Amino acid sequence: MSSSPPGAGPAVLVTGGSSGLGAAVVTAVARAGGRPLVLDRRPPADGVPWIECDLADTRAAEEATRDLAERVGGLDAVVTAAGMDVPGRLADVPRDTWERIVVVDLLATVAVVRAALPYLEASRGNVVTVASTLGVKAVGDATAYCAAKFGVVGFTRSLAAELAGSVGVTLLIPGGMRTAFFDDRDPQYRPGPDAKLNDPADTAAAIMFALSQPPGSTVRELVVCAEQETSYP
């Protein structure tokens, strides 16, 4: 992670930091001596500074990002771990639901990164965006999620070219993880009892590796999944 003022660990903003991969990243940052900050609709672990934010409101997401950055005196990294999906055939997924998936997964990622850029440029910090194996391999009944995550892949690759030399940019492509991400789905869209899923702590460790690179060295892309998981390649 980037350097911070003396006596203070790196400030790392994590979207969706109250559960799943985001919570695992918050834990990993804190254990490494950093200062995790969270944007989420629910409170994170006790003592972690956060702002309640529905990331479907991209204006609110930008304002909350700037608010947290000013509160702690800048940012050293951003990890856009927030995400959602409601699987189903295109004709069956309500328009508002379909569009909310794209906003939360793609447009909110862009909004938070945009708002964080002045702080990250000042610290020569890092961005880690979270796509998915379904951002490189499409499946049926996931048109909104695939559209959004393919968008995250393209956005991040372009951003890396744009910010080369000023901000480190890493694209994370994770496979399925043992989180609550699947809990509210119809049974047909939930992983089966024998599904091969990763521990989110292991994916968080990969993120920490990317954030730990010295100035001038950047991990551009990471694919992290259970060894026998079938969503990649």
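The values are calculated or read from the model by the stated rules, or taken from the named source; none is laboratory data. None of the values given here were measured: they were computed from a predicted structure. Here the Cβ is made from the backbone with ideal geometry for all residues, glycine too, and neighbour counts use every protein chain on show. Remember, those area values only see protein heavy atoms, side chains included, never the ligands or the DNA or RNA. Shrake-Rupley method; radii C 1.70, N 1.55, O 1.52, S 1.80 Å.
Only residues that are over 21 Å from Ser19 (Cα atoms) and either open to solvent by 20 Å² or more (accessible area, probe 1.4 Å) or among the hydroxyl-bearing types (Ser, Thr, Tyr) (or both) were counted across the stretch 73-92, and they come to 5.
Residues in the stretch 29-45 that are surrounded by fewer than 22 Cβ atoms within 10 Å (Cβ to Cβ) and either closer than 19 Å to Ala82 by Cα or of a type in the set (Ser, Thr, Tyr) (or both): Ala30, Arg35, Arg41, Arg42, Pro43, Ala45.
Counting only residues that are touching a helix residue (DSSP H, G or I) at 6+ places or on another chain (Cβ under 7 Å) and either among the hydrophobic types (A, V, I, L, M, F, W, C) or modelled with pLDDT of 90 or more (or both), the stretch 186-222 holds 10 of them. When the stretch 54-67 is filtered for residues that are open to solvent by 40 Å² or more (accessible area, probe 1.4 Å) and more than 16 Å from the chain's Cα centre (by Cα), the ones remaining, listed by number, are Asp57, Arg59, Glu63, Arg66, Asp67.
Only one of the numbered conditions (1) hydrophobic (A, V, I, L, M, F, W, C); (2) open to solvent by 50 Å² or more (accessible area, probe 1.4 Å); (3) at pLDDT 95 or above is not met by Ala142, and that is (2). Among the residues of the stretch 102-149, write down those that are in a loop (DSSP other than H, G, I, E, B), over 17 Å from Leu90 (Cβ atoms) and aliphatic (A, V, I, L, M). Passing the criteria: Ala131, Val136. Scanning the stretch 25-59 for residues that are of a type in the set (Gly, Ala, Ser), in contact with a strand residue (DSSP E or B) (Cβ under 9 Å, 6 or more places away or on another chain) and either without any contact (Cβ under 8 Å) to a residue 40 or more places away in the chain or not in a loop (DSSP other than H, G, I, E, B) (or both) yields Ala28, Ala30, Ala45.
Restricting attention to the stretch 153-177 and to residues that are assigned to a loop (DSSP other than H, G, I, E, B) and closer than 14 Å to Ala116 by Cβ, the residue that is least open to solvent (accessible area, probe 1.4 Å) turns out to be Val167. Condition check for Glu70 on (1) open to solvent by 20 Å² or more (accessible area, probe 1.4 Å); (2) in a strand (DSSP E or B): one failure, at (2).
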